[in-house]
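Reviewing the structure listed below.
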Amino acid sequence: MPIILAIESSCDETSAAVLSGRNVLSNVIASQKIHSEYGGVVPELASREHQKNIVPVVDKALKDAGIDKNEIDAVAFTRGPGLMGALLVGVSFAKSFGQALNVPLIEVNHMEAHVLAHFIDQNDRSDFPDFPFLCLTVSGGHTQIVKITDHLEMEVMGKTLDDAAGEAFDKSGLMLGLSYPAGPEIDKMAKSGDPLRFEFPIPKIQGLNFSFSGFKTAVLYFLQKQV
């Protein structure tokens with residue numbers, strides 16, 4: 001099986017993984033806590049943190065996998081979408097690393113990678129999805145419904161027309177005085193809350209698209225009236 005070094009730097013986490021075929025031999029992630037005081041990701045700070053983290057993260061990924069750099073057959077990296085400066089750190093490192101080893105480079109669309117993560121073979125799993133199937137991708141920057149007919153044949157059936165779901169969570173959490181990222185904390189508190197106590201408007205969007213900006217505004221007005 002080919003040994004692939006994979007690098008991700010699209011937002012505020014520097015990640016490197018080593019794979020043998022579909023099997024993940026190691027996966028190292030360096031999160032950036034510096035953004036918490038700003039209530040969101042600051043692109044310039046993200047780029048600088050990636051520059052600090054990329055070498056030690058890749059080094060640890062190789063050591064955890066028990067792989068020497070000369071055993072690498074290819075280098076995969078996130079080409080986009082993402083923060084331009086953050087992406088450049090990963091792209092530049094991947095190209096330099098690949099050129100030094102004289103191995104091919106694999107450009108990866110990170111939204112497609114979210115979908116294809118279903119095909120990672122961990123613990124001898126056999127429950128891979130059959131084509132065609134639908135996938136809901138939800139993150140801080142994206143919210144999409146995607147139809148997948150083959151590994152690299154995907155069609156976006158619906159998407160957010162404004163804010164992503166994750167951004168709505170984080171910005172609403174900031175209004176509530178929660179730390180960034182607020183999504184996990186809101187999710188935890190919601191499990192012990194009363195889902196019928198408050199009502200918020202549900203956007204009426206045609207087709208399979210989403211809208212979260214109105215909800216975010218509704219939370220702001222609600223808090224202004226309640227506090």
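Shown for the chain: lysine pairs separated by 8 or more places, or found on different chains, whose C-alpha atoms are under 22 Å apart, numbering 25. About the centre of its Cα atoms, the range 3-119 shows a dipole size close to 100 debye [charges on the beta carbon of Lys, Arg (+1) and Asp, Glu (-1) only; nearest 20 debye].
Computed about the Cα centre, the dipole magnitude for the range 165-226 is approximately 140 debye when only Lys and Arg (+1) and Asp and Glu (-1) carry charge, each at its Cβ. Put simply, when 82-91, 129-138 are sorted by average Cβ atoms within 10 angstrom per residue, most first, you get 82-91, 129-138.
Relative to the longest principal axis of the Cα atoms of the chain, the long axis of helix 165-175 lies at roughly 60 degrees. With the highest mean first, a sort of the peptides 115-122, 41-48, 192-199, 173-180 on other beta-carbon atoms found within 10 angstrom per residue produces 41-48, 173-180, 115-122, 192-199. A simple charge model with +1 on the Cβ of Lys and Arg, -1 on the Cβ of Asp and Glu and nothing else charged puts the dipole of the range 105-215 at about 500 debye relative to its Cα centre. The calculated Kirkwood hydrodynamic radius for the chain is 19.6 Å, given to one decimal from all distinct C-alpha pairs. Once the Cα atoms of helix 84-101 and of the chain are each reduced to a long axis, what angle between those two axes, in degrees from 0 to 90 to the nearest 10, is obtained? Result, in degrees: 10.
For the chain, the longest principal axis of the alpha carbon atoms and the long axis of helix 43-65 meet at an angle near 50°.
How high is the relative contact order of the range 165-226, in percent, counting Cα pairs under 8 Å that sit 6 or more residues apart?
Dividing the mean separation by the residue count of the range 165-226 yields 32 percent.
If you average the alpha carbon positions of the range 89-154 and of the range 1-41, how far apart do those two centres end up, in angstrom? Using only Cα atoms to place each centre, the spacing works out to 13 Å. The smallest convex shape that holds all Cα atoms of the range 165-226, its convex hull, gives 100 Å³ per residue. In terms of surrounding Cβ atoms within a 10 Å radius of their Cβ, Lys225, Lys63 rank from fewest to most as Lys225, Lys63.
Could you calculate the contour length gain from Met84 to Phe131, that is, 0.36 nm times the residue separation minus the distance between their Cα atoms, to one decimal place in nm?
Contour length minus Cα-Cα distance gives 13.6 nm.
Quick note: the coordinates plus some simple rules give every number you see, no bench work behind them. Keep in mind it's a predicted model, so treat the numbers as computed, not measured. When we count neighbours, we look across all protein chains shown, and the Cβ atoms used for this are built from the backbone with ideal geometry, even at glycine.
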